[in-house]
Amino acid sequence: MYQKYHIDEQFNFQINRFIEPFYQDEEVQAEVYAASRRINDVESWISVWIDLGKKAVLAHHYALSSAYYQLADFFIGEDHPMKEETYQLFKSNYYKSIDDSGIEFDQIHYENGKIPVAIIRQDGAKKTLVFHGGFDSYLEELIRLVLTHCVGVLKDYNFVLFEGPGQGMSLKSGLPMTYQWELPVKAILDYYNIEKADLIGMSLGGYLSMRAAAFEPRIEKVIAFDVYYSMMDSLTMKLPAKAAATVHKINNPVIATLVNRKILATTKTNVDMAFKIRKGNEVMKTDKPSNLIKSISKFTMSGIEDKITQEVLLLAGDHDMYVPTKTIDLVANSLINAKSVTTYLFDQSSGGERHCQVGNKQIAFDKISDFLS
């Protein structure tokens, strides 16, 4: 169940996201609660989790050390001198914590960079589930979810997991994120000669997967984990109505200058906004808030809803900090040509009320398994 580790919503969400596998470990929980009290800014965030990562390594608790290093890595920018170290510590400790002998690792050359792929096969499986993340996920997060929640449950499926443009090693290889997600999905399907597959996108991947399905007929079932209509929602949903309306006029040079000044001032005291702008500029390869907003405004389902003809599963939480609750009905009602639309809105009584059901991932994967079965 979702925990209250820290008063800052963004800090607290990320702690829950990466510490979720250790909810039942009382010693880890006590350690995390104590550590969270020492965090008051990004600098203290980084140092606290790095120290705990070192401690967990000494105890040979590699799954935990990986989680701690990933927490440290989360708020470190790509140009920070510590970025490569924390990223590699997170990855190396993760792979020490699992048996990866059953995972095939590959890379696909794509445009001027590479798409990393991990394939998990099951004996006798005939179907393929392609799985990707969104705004800030790494391949290892996808692997952990599949090993924990999918392998052995979805026995008919082989799993093809990838980091697309703007994500993980793809970003580091020079590929900015694209709203035309059908292109990397097509590259995956073509490269492995996959004639038909089901597709799941996590977080912003809830939009990306729907976009891919709209233009890729080889996709038969598509899962938005969670639902996402427009990336702009994540930026504007907590703004006053007047400020949100101003952001939507970003093509006006005068307004763009005003927005740049206002947003940059806000990032000095608002961890959530600072993260969104810093990470957004990295992912999109933009240089200031106004140009970032122009880029993310292209990430919308508007105009493609009628092109989605697959069986669709939409998941949502009613306490999602990135997506308005009304989005699930908006998307469901817009899919006029979908073969079928199944929706689940999780609340606090059921659990899974947070973004991507952080706090109770199992409840989401139960619905995903039912849908795919």
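Considering only residues that are touching a residue at least 24 places away in the same chain (Cβ under 8 Å) and open to solvent by 30 Å² or more (accessible area, probe 1.4 Å), look in segment 283-294 and name the one that is nearest to Asp79 (Cα to Cα). That would be Lys285.
Just one of (1) surrounded by 18 or more Cβ atoms within 10 Å (Cβ to Cβ); (2) closer than 30 Å to Tyr192 by Cβ; (3) of a type outside the set (A, V, I, L, M, F, W, C); (4) more than 24 Å from the chain's Cα centre (by Cα) fails for Lys126. It is (1). Inside segment 343-352, residues that are open to solvent by 20 Å² or more (accessible area, probe 1.4 Å) and either β-branched (Val, Ile, Thr) or in a loop (DSSP other than H, G, I, E, B) (or both) make up a count of 5.
Quick check: is even one residue across segment 50-62 buried (at least 18 other Cβ atoms within 10 Å of the Cβ) and under 16 Å from Asp272 (Cβ atoms)? No, segment 50-62 has no match at all. Scanning segment 336-359 for residues that are without any contact (Cβ under 8 Å) to a residue 40 or more places away in the chain, of a type outside the set (Val, Ile, Thr) and touching a Phe, Trp or Tyr at 6+ places or on another chain (Cβ under 8 Å) gives a single hit, Gly352. Pairs are defined by a Cβ separation below 7 Å, a sequence spacing of at least 6 or placement on different chains, a first member in segment 121-146 that is farther than 24 Å from Gln70 by Cβ, and a second member that is among the polar types (S, T, N, Q) and in a loop (DSSP other than H, G, I, E, B); no pair meets this definition. Any residue that is assigned to a loop (DSSP other than H, G, I, E, B) and open to solvent by 30 Å² or more (accessible area, probe 1.4 Å) - is there at least one of those in segment 207-217? Within segment 207-217, one or more residues are assigned to a loop (DSSP other than H, G, I, E, B) and open to solvent by 30 Å² or more (accessible area, probe 1.4 Å). The set of residues in segment 38-49 being within 26 Å of the chain's Cα centre (by Cα) and either open to solvent by less than 70 Å² (accessible area, probe 1.4 Å) or basic (Lys, Arg) (or both) consists of Ile39, Asp41, Val42, Ser44, Trp45, Ile46, Ser47, Val48, Trp49. All of (1) farther than 25 Å from Gly168 by Cβ; (2) surrounded by fewer than 23 Cβ atoms within 10 Å (Cβ to Cβ) hold for Met321 with one exception: (1).
Condition check ((1) among the hydrophobic types (A, V, I, L, M, F, W, C); (2) touching a residue at least 60 places away in the same chain (Cβ under 8 Å); (3) closer than 21 Å to Asp25 by Cβ) across all residues:
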{"position": "Ala67", "(1), (2), (3)": "yes, no, yes"}
{"position": "Met82", "(1), (2), (3)": "yes, no, no"}
{"position": "Tyr87", "(1), (2), (3)": "no, no, no"}
{"position": "Lys96", "(1), (2), (3)": "no, no, yes"}
{"position": "Ser101", "(1), (2), (3)": "no, no, no"}
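Quick check on segment 286-328: of everything there that is at pLDDT 95 or above and among the basic types (Lys, Arg), which residue is nearest to Val42 (Cα to Cα)? Result: Lys298.
Which one of these does Glu78 not meet: (1) open to solvent by 50 Å² or more (accessible area, probe 1.4 Å); (2) assigned to a helix (DSSP H, G or I); (3) within 26 Å of Ile143 (Cα to Cα)? With respect to (1) open to solvent by 50 Å² or more (accessible area, probe 1.4 Å); (2) assigned to a helix (DSSP H, G or I); (3) within 26 Å of Ile143 (Cα to Cα), Glu78 is out only on (2). Selection of segment 11-45 for residues being touching a residue at least 40 places away in the same chain (Cβ under 8 Å) and closer than 19 Å to Asp136 by Cβ yields Phe11, Phe13, Gln14, Ile15, Asn16, Arg17, Phe18, Ile19, Glu20, Pro21, Val42. Selection of segment 110-140 for residues being within 18 Å of Trp181 (Cβ to Cβ) and not in a loop (DSSP other than H, G, I, E, B) yields Tyr110, Gly113, Lys114, Ile115, Pro116, Val117, Thr128, Leu129, Val130, Phe131, His132, Leu139.
Condition first: at positive phi and small (Gly, Ala, Ser). Can you find one or more residues in segment 223-240 that meet it? There is no residue in segment 223-240 that is at positive phi and small (Gly, Ala, Ser). Scanning segment 218-251 for residues that are over 21 Å from Pro184 (Cβ atoms), outside any helix (DSSP H, G or I) and open to solvent by less than 20 Å² (accessible area, probe 1.4 Å) turns up just one, Ile250. Per the conditions (1) part of a helix (DSSP H, G or I); (2) open to solvent by 20 Å² or more (accessible area, probe 1.4 Å); (3) at pLDDT 90 or above; (4) within 28 Å of Glu140 (Cβ to Cβ), the sole criterion not satisfied by Tyr179 is (1).
Based on what the data block shows, is Lys172 open to solvent by 20 Å² or more (accessible area, probe 1.4 Å) and without any contact (Cβ under 8 Å) to a residue 60 or more places away in the chain? Taking the combined requirement at face value, the residue does not satisfy it.
Within the set Val222, Val254, the sole residue that is without any contact (Cβ under 8 Å) to a residue 60 or more places away in the chain and β-branched (Val, Ile, Thr) turns out to be Val254. Here Asp8 meets the list (1) more than 18 Å from Phe275 (Cα to Cα); (2) touching a residue at least 40 places away in the same chain (Cβ under 8 Å); (3) open to solvent by 30 Å² or more (accessible area, probe 1.4 Å); (4) not hydrophobic (A, V, I, L, M, F, W, C) almost entirely, failing just condition (1).
The values are calculated or read from the model by the stated rules, or taken from the named source; none is laboratory data. Source: prediction; values computed, not measured. Note: ideal-geometry Cβ built from the backbone for every residue, glycine included; neighbour counts use all protein chains shown. Accessible surface is based on the protein model in full, side chains and every heavy atom, while ligands, DNA and RNA are left aside. Shrake-Rupley method; radii C 1.70, N 1.55, O 1.52, S 1.80 Å.
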